[in-house]
1. List pairs: first residue in segment 65-79 and free of Cβ contacts under 8 Å to residues at least 40 places away in the same chain, second residue among the β-branched types (Val, Ile, Thr) anywhere in the structure, Cβ distance under 7 angstrom, at least six positions apart or on different chains.
2. From the list 183, 197, which residue is touching a helix residue (DSSP H, G or I) at 6+ places or on another chain (Cβ under 7 Å), farther than 18 Å from residue 224 by Cβ and either without any contact (Cβ under 8 Å) to a residue 24 or more places away in the chain or of a type in the set (Lys, Arg) (or both)?
3. Just checking, does segment 214-230 include any residue being assigned to a helix (DSSP H, G or I), of a type in the set (Lys, Arg) and open to solvent by 20 Å² or more (accessible area, probe 1.4 Å)?
4. Could you check segment 130-167 and list, in sequence order, the residues that are buried (at least 18 other Cβ atoms within 10 Å of the Cβ) and assigned to a loop (DSSP other than H, G, I, E, B)?
5. Does at least one position in segment 182-195 carry a residue that is open to solvent by less than 30 Å² (accessible area, probe 1.4 Å), basic (Lys, Arg) and part of a helix (DSSP H, G or I)?
6. Considering only residues of segment 136-191 that are basic (Lys, Arg) and over 18 Å from residue 91 (Cα atoms), which is modelled with the highest pLDDT?
7. Out of curiosity, is residue 190 in contact with a helix residue (DSSP H, G or I) (Cβ under 7 Å, 6 or more places away or on another chain) and more than 30 Å from residue 145 (Cβ to Cβ)?
8. Here are some residues: 120, 97. Which one is under 26 Å from residue 241 (Cβ atoms) and touching a helix residue (DSSP H, G or I) at 6+ places or on another chain (Cβ under 8 Å)?
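The values are calculated or read from the model by the stated rules, or taken from the named source; none is laboratory data. In this text the structure is predicted, and so the values were computed from the model without any measurement. Neighbour counts are summed over all protein chains in view; Cβ atoms, including those assigned to glycine, are modelled from backbone coordinates with ideal geometry. Note: accessible area is taken over every heavy atom of the protein model, side chains too, but ligands, DNA and RNA are not part of it. Shrake-Rupley method; radii C 1.70, N 1.55, O 1.52, S 1.80 Å.
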Amino acid sequence: FFFSFLVSFSVQQNKNTQFYYSLILFDGHHRRPSTMTSLYTNRVAFSLVLIFTALSPNAALEVIGSGYGRTGTDTLREALNELGYKTYHMKEIVEGRLGSDAMLWHAQMENDCSDVEALRDLFERGGWTAALDFPTVMCYESLMIAFPQAKIIHTERKSSEQWWNSASNSIMIIASLFPFNVLHAVIPFLKIRKAMLNSMWSKVLGGKNITISDDDFPLGYKEEFIAAYEANNARVRKVVPRKRLLIQDHSKGWTD
């Protein structure tokens with residue numbers, strides 16, 4: 001299979017100079033980023049363009065994200081949507097109040113993502129063509145089986161500590177803050193979401209029984225979360241065939 005990948009990253013150095021980095025990957029062969037300058041006025045621009053070709057027209061899910069949340073998954077979601085993909089992300093569950101999805105993910109976390117047919121049905125029924133972020137990432141290997149023609153995009157932060165600082169101050173705590181910590185008891189969707197989050201973080205930590213309302217969550221599990229993050233990054237490189245994999249670090253433009 002052939003695919004091409006283009007990343008453009010531009011940062012304003014001063015009011016009229018821009019550094020533009022681009023990289024094109026063809027069938028697994030790298031070309032180093034080139035740098036050029038051009039006139040640029042009063043703004044910082046970031047653009048990410050992904051172009052996939054020769055994907056099976058019958059595959060419902062064409063792009064699967066294997067990177068943990070807070071590694072640029074929302075940036076990637078926006079880019080894929082711009083390209084016409086219908087992208088599944090934690091935002092879709094929360095903003096769409098998709099209680100049935102939250103229940104399905106809770107079950108998948110409990111059974112180690114073993115119900116491949118249920119996962120396939122979720123994405124085919126919803127017409128999703130790309131899937132990123134938590135909770136999808138926890139089942140990316142099962143999704144690779146369900147959608148064998150899909151490509152895998154793996155996102156990472158510059159360092160494990162940077163990922164932890166971001167995740168532990170956002171996605172790991174938001175559901176336990178007021179008013180959500182109160183509303184979980186009275187609003188059905190939030191109650192289901194809490195169950196999903198409990199099972200999701202438990203799976204991240206290898207099956208340890210985690211509750212987001214625990215006083216020591218998440219800070220009491222820092223070393224374990226960092227170890228899980230690093231283990232996921234390593235496993236992706238091990239189990240995903242190179243021709244199906246793109247590893248994207250937004251801070252670098254490209255890494256492998």
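1. Correct list of pairs: 79/49.
2. Residue meeting the stated conditions: 183.
3. Scanning segment 214-230 turns up at least one residue that is assigned to a helix (DSSP H, G or I), of a type in the set (Lys, Arg) and open to solvent by 20 Å² or more (accessible area, probe 1.4 Å).
4. 132, 133, 134, 135, 147, 150, 157
5. Yes, the conditions are met somewhere in segment 182-195.
6. Pass one, segment 136-191, residues basic (Lys, Arg): 151, 157-158, 191.
Checking which are over 18 Å from residue 91 (Cα atoms) leaves us with 151, 157-158.
Values: 151: 97, 157: 94, 158: 91.
Here the answer is 151.
7. Against the criterion (in contact with a helix residue (DSSP H, G or I) (Cβ under 7 Å, 6 or more places away or on another chain) and more than 30 Å from residue 145 (Cβ to Cβ)), residue 190 qualifies.
8. Result: 120 is the single residue among 120, 97 that is under 26 Å from residue 241 (Cβ atoms) and touching a helix residue (DSSP H, G or I) at 6+ places or on another chain (Cβ under 8 Å).
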